[in-house]
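The values are calculated or read from the model by the stated rules, or taken from the named source; none is laboratory data. All figures in this text were calculated on a predicted structure; none of them were measured in a lab. Glycine also receives a Cβ, built like all others from the backbone with ideal geometry; neighbour counts cover every protein chain displayed.
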Amino acid sequence: MTNAAVHMEGQLHAPAHGAVATGAVHAKEQQHPIKLYLVVWGWLFVLSTCSYLVDYFGLHGYLRWSLILLFMMLKAGLIVAVFMHMAWERLALAYAILLPPVAVLVFVAIMVLESEYTHLLRVLFFATPS
Amino acid sequence: MAETVLTNPGQSPARLEGWRGIAADWASDQRAFKNVSWGKAMMWIFLLSDTFIFSCFLLSYMTARMSTTVPWPNPSEVFALNIGGNHIPLILIAIMTFVLISSSGTMAMAVNFGYRRDRVRTAILMLVTAAFGATFVGMQAFEWTKLIMEGVRPWGNPWGAPQFGASFFMITGFHGTHVTIGVIFLIAIARKVFRGDFDVERRGFFTSRKGYYEIVEITGLYWHFVDLVWVFIFAFFYLW
């Protein structure tokens, strides 16, 4: 990750450095060592295996759900940050892309309430007594 | 891109820290995304809108599953396979996950070699990525066939809540479509890379504009997004 830091420094202080070759707009190339990608790739494999094992060992309840969410968020974070290079983008872009999906969580909350209400009505009025 | 009038042409100003920098980038008469080409910015914005589409699918699945009084079919059992006499739960989906993650890895390396202007390696890695993608779609076709043979329909299935089929076909079908489009996109760009279009700055057939190796990264953004969506589908639909 030290290389990444160096890269960011380069973006900050030497804007004209790479601009000569291809023109200003195309100067901001994402150049990182291959090893970084291989390490992230390895981690994605490990995390996927972990989330599969959650199912394989048949964990249940809150332990299962929290582990699933944990591995999911770690994988998503690695993909967006490293593979999609969001970690090195300017904050104006990163926030413009990463903040709006937070609104989805509000939608989730609304639909959880709604579906619990629907479920309640179904239990009260439609469930066949058996 | 060249047509865009820059307030500060040639170089983007040094970034201020945190929110102050974001406000500065978005404020006044200037481009918001300073050091990102429009191609890349537009791909990100498209991916953002696609995020909302998949969110809506997963949300409708959540609503259906939470509100039904009939037990939901156990995906661990539904997607189990018998391999060599052993009954292994969810194994097909696990393999599909690893295939897609591998394709993301090769794609990331293709982007890297693209920026090093290593034409041949970039094209080969992109084609490997496309091959992984095609494998994924093939396995998905197998999975669909198996489930349809077992009697899963959008309106019902042998194991429980009838909404299972509708959610399954809608979510995985839409994702599979994305993978398929991604494979076509990858092959098209890999062909251009291999031909050397971005070394001689050959003009595009439709746009008459010069191409740059950045298109490899833009293709990569789309491909990683497809992988990203699968992470969420895997967690919420198959594991939950």
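Worth a mention:
- Close contacts from region A:85-112, counting a first residue that is at the interface with another protein chain (Cβ under 7 Å from one of its Cβ atoms) and a second that is acidic (Asp, Glu), with Cβ to Cβ under 9 Å and a gap of 6+ residues or different chains, come to A:Arg90/B:Asp25; A:Leu91/B:Glu17; A:Leu91/B:Asp25; A:Ala92/B:Asp25; A:Leu93/B:Asp25; A:Ile97/A:Glu89.
- The single condition among (1) crowded, with 18+ Cβ neighbours inside 10 Å; (2) closer than 27 Å to A:Val104 by Cβ; (3) at the interface with chain A (Cβ under 8 Å from one of its Cβ atoms) that B:Pro89 does not satisfy is (2).
- Failed item in (1) under 30 Å from A:Ala103 (Cβ atoms); (2) under 20 Å from the mean Cα position of the chain (by Cα), with B:Thr122 passing the rest: (1)
- Residue among B:Ser55, B:Ser76, B:Ser67 that is of a type in the set (S, T, N, Q) and more than 21 Å from A:His60 (Cα to Cα): B:Ser55
- Selection of region B:163-212 for residues being in contact with a strand residue (DSSP E or B) (Cβ under 6 Å, 6 or more places away or on another chain) and acidic (Asp, Glu) yields only B:Glu201.
- Candidate set: region B:106-150, residues that are of a type in the set (S, T, N, Q) and within 14 Å of chain A (Cβ to nearest Cβ); chosen: the one surrounded by the most Cβ atoms within 10 Å (Cβ to Cβ): B:Thr129
- Residues considered: B:Ala161, B:Ala134. Of these, the only one that is of a type outside the set (Ser, Thr, Tyr), in the same structural domain as B:Tyr213 (by TED's automatic domain parsing) and part of a helix (DSSP H, G or I) is B:Ala134.
- Residue in region A:41-48 that is of a type outside the set (Ser, Thr, Tyr), at the interface with chain B (Cβ under 9 Å from one of its Cβ atoms) and touching a residue at least 40 places away in the same chain (Cβ under 8 Å) present: no
- Restricted to region B:20-46, and to residues there that are outside any helix (DSSP H, G or I) and among the hydrophobic types (A, V, I, L, M, F, W, C), the residue that is surrounded by the fewest Cβ atoms within 10 Å (Cβ to Cβ) is B:Ala27.
Residues checked against (1) more than 9 Å from chain A (Cβ to nearest Cβ); (2) part of a helix (DSSP H, G or I); (3) surrounded by 19 or more Cβ atoms within 10 Å (Cβ to Cβ); (4) under 16 Å from the mean Cα position of the chain (by Cα):
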| position | (1), (2), (3), (4) |
| --- | --- |
| B:Ala14 | no, no, no, no |
| B:Leu48 | no, yes, no, yes |
| B:Phe54 | yes, yes, yes, yes |
| B:Ser60 | no, yes, no, no |
| B:Met66 | no, yes, no, no |
| B:Thr97 | no, yes, yes, yes |
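- If you go through region B:92-110 and keep only what is free of Cβ contacts under 8 Å to residues at least 12 places away in the same chain and among the hydrophobic types (A, V, I, L, M, F, W, C), you end up with B:Ala94, B:Phe98.
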